[in-house]
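Single-structure report; data block below.
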Amino acid sequence: MPACPNMLKEKIAKKADLKRIQQTSKALANRRLVQVEGATCSGKSTFVANTRSEFRKKGLNVMVIEEAASKILNENQNLMNQLEHPANYSCWRKAKKKLQQKVLNLQISSLENFTKSNYEFAVMDRGGASTAYHTVPFLPAGERDLGERICKELSRISSQVILLPELGFFEKTPFRYQKNPQEIKEEFVGIKFYLDRWKIKYITTREQLDLAKTSDLSKARSKKQE
């Protein structure tokens, strides 16, 4: 059984992170960012990959911002073990907080990299609402308001939010620590809760998704021709 993680030496929610997001938001004024939200096993990664493929067929390059948690767990087997096989609930909470600290930092860094790239369009696998669901409940009372505000700004930075519904099944992979379909349902409800709470518009039906892709392609073409 893996050792219990050490206590975090720094806060997860930091004012410096809020400032970084606000600065990034200004730098994204002439770029388009789509955040794809949804619970585990809702097809987010497949949707992102298919969207990039469709744009490439039209001669348009799209930057893909990978799901931060999967990338981190793929590179940190010890943290994955601490989440999958914790010694007790306290150890699991510590591992979860450590993961979310890394997730938030990587998401912000990825968006900063987008602003410095030659790409004018990006699709992001999970955004602020997912981060809020997985982070805010684990923050100390004194950090929760700031933590939620950071996640809200992370979500508001996008041009469009897409919320994918559940697919109705659970597939266990090496980088998922969820244990059953009920956890996935709770995750979807929680992500939707934050989007609704923040009054952020999102699209979720098949017809809306098709219209969004058509609109994004049109805008990307116009941008390329300028």
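Taking residue 166 as the residue in question, decide whether it is in a loop (DSSP other than H, G, I, E, B), loosely packed, with under 14 Cβ neighbours inside 10 Å and at pLDDT 65 or above.
Values: in a loop (DSSP other than H, G, I, E, B): yes; loosely packed, with under 14 Cβ neighbours inside 10 Å: no; at pLDDT 65 or above: yes.
Here the answer is no, as residue 166 does not meet what is asked.
Of the residues in region 183-202, how many are modelled with pLDDT of 90 or more and crowded, with 17+ Cβ neighbours inside 10 Å? Spell out the reasoning first.
Our first condition is that a residue be modelled with pLDDT of 90 or more; within region 183-202, this holds for 186-202.
Checking which are crowded, with 17+ Cβ neighbours inside 10 Å leaves us with 187-188, 190-192, 194-195, 198, 200, 202.
Number satisfying all stated conditions: 10.
Which residue pairs have Cβ atoms closer than 9 Å, lie 6 or more positions apart in sequence or on different chains, and pair a first residue in region 149-162 that is touching a residue at least 40 places away in the same chain (Cβ under 8 Å) and assigned to a loop (DSSP other than H, G, I, E, B) with a second residue that is of a type outside the set (A, V, I, L, M, F, W, C) and buried (at least 23 other Cβ atoms within 10 Å of the Cβ)?
That search, which allows pairs on different chains as well, returns 157/35; 157/127; 157/128; 158/35; 158/127; 158/128; 159/35.
Among the residues that make up region 87-94, is at least one of them of a type in the set (Phe, Trp, Tyr), surrounded by 12 or more Cβ atoms within 10 Å (Cβ to Cβ) and without any contact (Cβ under 8 Å) to a residue 12 or more places away in the chain?
yes
With a cut-off of at least 3 residues that are under 18 Å from the mean Cα position of the chain (by Cα), name the helices (runs of 4 or more DSSP H) lying wholly within region 11-94.
Because the criterion is at least 3 residues that are under 18 Å from the mean Cα position of the chain (by Cα), the helices (runs of 4 or more DSSP H) in region 11-94 that meet it are 15-27, 44-57, 68-75.
The values are calculated or read from the model by the stated rules, or taken from the named source; none is laboratory data. Predicted model, so just to flag it, every value in this text is computed and none were measured. Positions of Cβ are generated from backbone atoms using ideal geometry, with glycine treated the same way; all protein chains shown enter the neighbour counts.
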